[in-house]
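Colleague: Sharing a structure, written as C-alpha cells. Questions coming.
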C-alpha cells in the first residue's frame, strides 16, 4: 500500500499524472479558483476535483501508519525506547527540512514540498526505527 | 550504569534466549542490556535478578 502510494505520489507530483475516471463531485471546501471547479448552480460545499492526489495521500498515510504502529513479536520496553529514539530523530530531521524549505523554497515548489512533508515524518521514523533494529539484530547475531 | 549481567548469566549457564523468555522480553533486549546500550526499567531489572537469584546491586551498579 505504501509502495504503491509512493510511486503514484511521485507520478502525481512531478509528472502531473491523474486517473481520468477519478474526477467527481464531492462534499468539500476549498478555493474555487485554485481547484478550477467553478460551475454554475453548484452549492459551495460541493467541489469537483480529480481525487488521484487524495488517493495518494490516503494510501501513503494509511500505509505508513500501519507500518509505524505494527508491533514486534515481543514488543517490550527496549523496543519502545527504540521507537521513541526514532521519533525524536525523525522530528529533528523534519524540523530541519522544514526550516530549509521555508528559507529557500517558494511558490509551487514550496507547495510540492509541503505535500511531501505531510507524510515524510512517518517515512523518516519508519526508516530510522528499522535501521536501529537492523543494526541491533546484526550485533546480537 | 554498568552491569555484570553477562558474567552472572554465563556462570549460571543460561542462554540469552532463556533469560529473555523467562523475563518476558526479547533476546535483543538482553543483548542491549549486557552491552550497556540500554538501562532496564526497575521492573525488568528485578525480574532479571529474580531469575538469576541475585540482588539488584550484585548485577547493576552506578559508574
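Nothing in this text is a laboratory measurement; each read-out follows from the coordinates by a stated rule. In this text, all values refer to a predicted model and were calculated from it rather than measured experimentally. Glycine also receives a Cβ, built like all others from the backbone with ideal geometry; neighbour counts cover every protein chain displayed.
Colleague: If I ask for residues that are away from chain A (no Cβ under 13 Å), outside any helix (DSSP H, G or I) and surrounded by 19 or more Cβ atoms within 10 Å (Cβ to Cβ), which ones from region B:7-63 would you list?
Modeller: Selection gives B:60 alone.
Colleague: Next question, about the same structure. Only one of (1) farther than 28 Å from residue A:8 by Cα; (2) assigned to a helix (DSSP H, G or I); (3) in contact with a helix residue (DSSP H, G or I) (Cβ under 7 Å, 6 or more places away or on another chain) fails for residue A:117. Which number is that?
Modeller: (1)
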